[in-house]
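Input: a single structure, listed below in structure tokens.
The values are calculated or read from the model by the stated rules, or taken from the named source; none is laboratory data. In this text, all values refer to a predicted model and were calculated from it rather than measured experimentally. All Cβ positions, glycine included, derive from the backbone under ideal geometry; neighbour counts span all protein chains shown. SASA here: full protein model, heavy atoms, side chains in, ligands and nucleic acids out. Shrake-Rupley method; radii C 1.70, N 1.55, O 1.52, S 1.80 Å.
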Amino acid sequence: MHRVGSAGNNANSNRPRKEKRLRFVLSDTDDTKHCAGINCLAVLKSSFSDGCNYLFTGSRDGTLKRWALDDDAATCSATFESHVDWVNDTVIAGDNTLVSCSSDTTLKTWNCLSNGTCTSTLRQHSDYVTCLAAAEKNTNVVASGGLGGEVFVWDIEAAVTPLSKSSDVLEDNCSNCINGSANSLSISSLRTISSSNSIAAQTAQCHGYVPISAKGHKESVYALAINDSGSLLVSGGTEKVVRVWDPRTGSKTMKLRGHTDNIRALLMDSTGRYCLSGSSDSMIRLWDLGQQRCVHSYAVHTDSVWALASTPPFSHVYSGGRDLSLYLTDLTTRESLLLCTKEHPILQLALHDDSIWVATTDSSVHRWPAEGKNPQKVFQRGGSFLAGNLSFSRARVSLEGSTPAPVYKEPIFTIPGTPAIVQHEILNNRRHVLTKDTAGSVKLWEITKGVVIEDYGQVSFDEKKEQLFEMVSIPAWFTVDTRLGSLSVHLDTPQCFSAEMYSADLNITGKPEDDKVNLARETLKGLLAHWMTKRRQRLGSQASVNGDVLSGKDITTKSLTHSRIEVDVNAENDSMVYPSFEFSTVSPPSIITEGSQGGPWRKKITELDGTEDEKDFPGWVLDCVLSNKLPPRENTKCSFYLHPCEGSAVQILTQGKLSAPRILRIHKVVNYVVEKLDKPSDNANTDGTFSPGLGGRLQHLAVGDGSFRSGLKPWQKPRPSVLSPDMSLATVRAYVWKKPEDLVLNYRVIQGR
């Protein structure tokens with residue numbers, strides 16, 4: 001699995017501190033659909049007869065969504081965006097608190113009925129947080145488990161209630177408990193913590209609050225369940241055993257053995273007497289916790305069981321998993337029915353009255369008939385089979401070709417998602433990325449604008465990649481991944497500032513065509529244009545209150561009076577965004593980054609309000625967009641020798657090595673040669689740098705062994721390659737020269753032209 005690196009305390013390390021990354025996530029659709037698999041579901045039923053019911057979905061795209069439900073439709077009414085990695089599970093605690101967990105190692109809390117603002121971030125886990133469990137009657141109790149083998153029990157009310165103390169005072173103690181061990185404390189004795197709606201202050205991993213730690217797992221935890229009163233907690237994972245805990249103290253009460261592979265799903269009845277477990281060994285087991293033993297095992301599936309949901313009386317269980325099938329099993333009679341089959345593995349189930357919501361590795365969610373209030377109605381249709389008690393029994397039946405027919409062919413309705421991007425290729429021009437999604441659609445993205453510029457439909461990805469190949473060489477200034485089902489573009493300093501292009505090549509009007517444009521700098525300005533506008537408005541209104549009149553540059557300078565950033569007030573066009581770098585506000589990208597406090601965060605660029613500062617953004621980003629400061633960069637120059645062709649009567653212009661920008665075009669070198677030949681007394685600059693001039697006589701430049709024979713082809717080595725005037729020095733070096741030694745360019749004069 002993909003892992004998120006955690007920053008440790010490097011105070012005593014001699015290694016240079018790694019600067020924090022900024023990445024932005026692109027989308028070409030509206031914000032009402034998921035674009036990756038759905039990991040979790042939660043249903044919130046209205047307590048009023050005419051009230052609206054809601055479904056909450058958490059996705060591998062890093063977001064949660066709230067859906068207002070009708071009988072045959074669902075409308076997205078809010079997107080909850082703050083996690084920076086997969087959302088793995090979500091539960092509803094109390095009346096209107098939504099709790100989610102993520103591969104970003106955090107838990108987050110939200111108001112279910114809000115517009116999607118995160119109310120607090122809880123940090124205690126050292127690795128991915130994979131699962132949650134909530135006590136229905138003891139509404140403050142939520143348990144969390146993760147790949148680090150940790151199980152924590154949280155008093156959510158205590159964890160998110162602000163203290164009267166200033167968060168500035170409490171911040172000093174924050175580092176003492178991020179990865180610290182948790183004590184076994186009763187929930188009532190736990191101290192509360194500080195929280196805030198601002199990005200930097202949402203973190204609630206410390207300030208005196210420590211959740212109860214249930215210690216005992218030596219390996220990853222994948223499943224949790226808790227009874228209604230919150231007096232019993234069960235957990236399971238890669239150790240293949242079900243562990244039972246007292247969540248009030250974190251103490252172990254028993255260990256149940258029987259599964260032969262990872263435990264991936266757990267359920268507990270309301271009283272805490274019975275427990276159901278689903279495993280990668282394809283088995284479902286029913287445990288009597290009072291007797292501390294397995295009382296039934298059900299061989300229903302032919303592959304891993306990943307999801308379980310039971311009827312309220314705990315008489316029947318719905319199960320799904322890797323075999324793409326949804327089954328209903330009577331726990332008493334052992335009768336089983338195949339309700340439906342899917343095209344994707346089933347990840348989670350949620351009963352809703354007489355139907356069931358099914359989440360899979362696809363981005364869509366389906367609602368199927370289930371007869372949850374009276375499941376015996378389904379069995380009256382016939383087609384049931386008796387679940388065996390050995391894991392190989394269902395696999396054998398499947399191999400013999402007697403797989404049961406599904407009861408239902410079509411869902412009641414579907415909440416559609418958008419296809420996830422599963423393949424990508426950064427093209428040589430370092431501005432375009434070719435992608436392919438799960439529907440087979442191939443698209444071309446322009447990274448500096450965050451938009452799709454061409455949708456090719458369902459064509460061959462490899463053939464299209466070959467068609468779009470360009471013989472150009474531009475430094476790799478960004479990286480890309482598709483882990484969230486969409487394009488995530490990563491910018492790391494100083495590497496991201498290595499790529500430059502001429503303004504003419506970017507079709508920027510109003511600038512000299514030879515002006516160099518730094519791609520990362522202009523991309524950052526485009527991304528943060530809304531933030532800059534909001535920042536100027538906020539600081540301008542503050543100045544108006546004080547009776548001051550500020551210019552744009554004054555605003556920037558005053559806003560950073562207490563900052564480490566020095567503003568270059570003479571920088572030109574410090575806030576202008578060129579058309580080639582304007583990002584969409586219809587489908588705006590989301591920024592994922594972190595500053596000096598609060599940990600990583602995620603927001604759409606149009607939701608930034610101008611209050612964010614160095615606590616929220618990396619310092620190098622603010623240096624770039626506010627004061628036009630770029631870090632020192634390497635490899636921006638290309639060294640080369642300029643010699644006449646062998647046997648040519650043309651004079652030798654210079655014996656030394658020349659140096660010029662990597663993006664310099666060959667026609668500029670030609671002009672330089674012309675000018676020097678017209679003025680034989682002139683030589684190259686004494687410092688070895690290259691200053692292209694203008695001339696009128698046509699020249700040829702070639703790369704080879706110096707023996708220039710006209711009419712020969714570039715690939716007939718060792719004969720020279722005639723260079724296109726539009727090639728850059730970097731392109732010549734990468735695609736024509738292809739040697740580690742310094743580039744050698746040969747020139748000759750074509751007479752009579």
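Tell me the label-point distance for the pair Gln376, Thr533, using the 7 Å Cα-to-Cβ offset, in nm and rounded to one decimal.
My value for the distance between the label points is 6.4 nm.
What Kirkwood hydrodynamic radius do you get for segment 424-534 when you take the inverse of the mean 1/r over all pairs of distinct Cα atoms, in Å?
Computed over segment 424-534, the radius equals 15.3 Å.
Just to compare against my own numbers: the Cα pair-distance distribution for segment 195-340, 5 Å bins, whole % per bin, please.
2, 10, 18, 20, 17, 11, 8, 6, 4, 2, 0, 0
Under a 5 Å amide H to amide H cut-off, with H placed in plane at 1.01 Å, what residues pair with Asp515 once short-range neighbours are removed?
HN-HN under 5 Å from Asp515: Ser503, Ala504.
Report the label-to-label distance for Gln292 and Lys738 in nanometres (one decimal), using points 7 Å from each Cα along the Cα→Cβ vector.
Taking the simple label geometry, Gln292 and Lys738 are separated by 7.3 nm.
What do you get for Rg/Rh over segment 400-439 if you use C-alpha atoms and the Kirkwood form of Rh?
We get a ratio of 1.34 for segment 400-439.
Ignoring ligands, DNA and RNA, how do Asp437, Asp72 rank by accessible area with a 1.4 Å probe, largest first?
If we order Asp437, Asp72 from most to least accessible, we get Asp72, Asp437.
Can you tell me the FRET efficiency between Cys52 and Met576 if r is taken as the Cβ-Cβ distance and R0 is 56 Å, rounded to the nearest 0.05?
The value I calculate is 0.75.
Take the residue pairs Lys18/Lys738; Lys218/Lys240; Lys657/Lys739; Lys65/Lys603; Lys108/Lys449 and return only those whose Cα atoms are more than 23 Å apart.
Among Lys18/Lys738; Lys218/Lys240; Lys657/Lys739; Lys65/Lys603; Lys108/Lys449, the Cα-Cα distance tops 23 Å for Lys18/Lys738; Lys108/Lys449.
Spelling out what I want: for every residue of segment 257-265, take phi, set θ = phi - 60°, compute 6.51 cos²θ - 1.76 cosθ + 1.60 (Karplus), and round to whole Hz; glycine and proline get x.
Whole-Hz 3J(HN,Hα) from phi for segment 257-265: 10, x, 6, 10, 8, 3, 8, 10, 8.
Can you bin segment 574-660 into rounded, prolate or oblate? Criterion: square roots of the alpha carbon gyration tensor eigenvalues sorted a ≥ b ≥ c, rounded for a/c under 1.5, prolate for a/b above b/c, oblate for the rest.
Because a/c hits 1.5 or more and a/b exceeds b/c, segment 574-660 counts as prolate.
In segment 452-488, whose amide N lies under 19 Å from the spot 7 Å out along Cα-to-Cβ of Arg633? List them in ranges.
Within reach of a label on Arg633, which here means backbone N under 19 Å from a point 7 Å along Cα→Cβ, segment 452-488 contributes 472-480.
Between Ala73 and Glu607, what FRET efficiency comes out of the Förster formula 1/(1 + (r/R0)^6) with R0 = 35 Å and r the beta carbon distance, rounded to 0.05?
0.80
If I model a spin label at Asp95 and Thr32 as a point 7 Å from the Cα along the Cα→Cβ vector, what separation in nanometres do I get?
Each label point is offset 7 Å from its Cα along the Cβ direction, giving 3.0 nm.
Compare the Cα positions of Val300, His316, Met254 along the charge dipole of segment 252-319 (+1 at Cβ of Lys, Arg; -1 at Cβ of Asp, Glu; about the Cα centre) and return the one farthest towards the positive end.
So the residue furthest toward the plus end is Met254.
Classify segment 275-327 as rounded, prolate or oblate from the Cα gyration tensor: take a ≥ b ≥ c as the square roots of its eigenvalues, call it rounded if a/c is under 1.5, otherwise prolate when a/b beats b/c and oblate if not.
Taking the square roots of the gyration eigenvalues as a ≥ b ≥ c, segment 275-327 is oblate.
Based on Cβ point charges of +1 for Lys and Arg and -1 for Asp and Glu, what charge dipole magnitude is obtained for segment 605-646 about its Cα centre, in debye rounded to the nearest 20?
Roughly 360 debye, rounded to the nearest 20.
Thr106's amide H: which non-local residues (gap 5+, or another chain) put their own amide H closer than 5 Å, with H modeled 1.01 Å from N in plane and none for Pro or chain starts?
HN-HN under 5 Å from Thr106: Val129.
As an exercise, take the mean of 1/r over every pair of distinct alpha carbons in segment 287-378, invert it, and state the Kirkwood radius in angstroms.
It works out to 13.5 Å.
Semi-axes of segment 25-130's equivalent ellipsoid from the Cα gyration tensor, sqrt of 5 times each eigenvalue, largest first, rounded to whole Å?
23, 17, 11
Could you work out the local net charge near Gln348, counting Lys and Arg as +1, Asp and Glu as -1, over the other residues with Cβ closer than 11 Å to its Cβ?
0
Just subtract the alpha-carbon distance of Glu343 and Asp246 from 0.36 nm times their residue separation and send over the number in nm, one decimal.
Gain on stretching Glu343 to Asp246: 31.0 nm.
For a Förster distance of 51 Å, can you work out the FRET efficiency between the beta-carbons of Leu468 and Glu646, rounded to the nearest 0.05?
Plugging the Cβ-Cβ distance into 1/(1 + (r/R0)^6) gives 0.85.
Sequence gap at least 6, Cα distance under 8 Å: using those rules, report the relative contact order of segment 299-432 to the nearest whole percent.
23
Provide the net charge surrounding Gly320, with neighbours chosen by a C-beta distance below 12 Å and charges set as Lys +1, Arg +1, Asp -1, Glu -1.
+1
Please state the shape class of segment 487-536: rounded when a/c is under 1.5, otherwise prolate if a/b exceeds b/c and oblate if not, all from the C-alpha gyration tensor.
In terms of gyration-tensor shape, oblate.
With charges set only on the Cβ (+1 for Lys and Arg, -1 for Asp and Glu), what does the dipole of segment 77-158 come to about its Cα centre, in debye to the nearest 20?
80
Between Lys629 and residues 5 or more places away or on another chain, which pairs have amide H atoms under 5 Å apart, with H built 1.01 Å from N, and which residues are they?
Counting only residues 5 or more places away or on other chains, the set is Cys624.
Can you tell which of Val358, Trp287, Ser270 lies farthest toward the positive end of the dipole of segment 269-413, using +1 and -1 charges on the Cβ of basic and acidic side chains (Lys, Arg; Asp, Glu)?
Final value for the positive-end residue is Trp287.
In segment 72-111, whose amide N lies under 14 Å from the spot 7 Å out along Cα-to-Cβ of Ile412? List them in ranges.
72-75
Loop only per DSSP, at most 11 neighbouring Cβ atoms within 10 Å: give me the GluC sites (Glu not before Pro) in segment 612-659, ordered by residue number.
The qualifying sites are Glu634.
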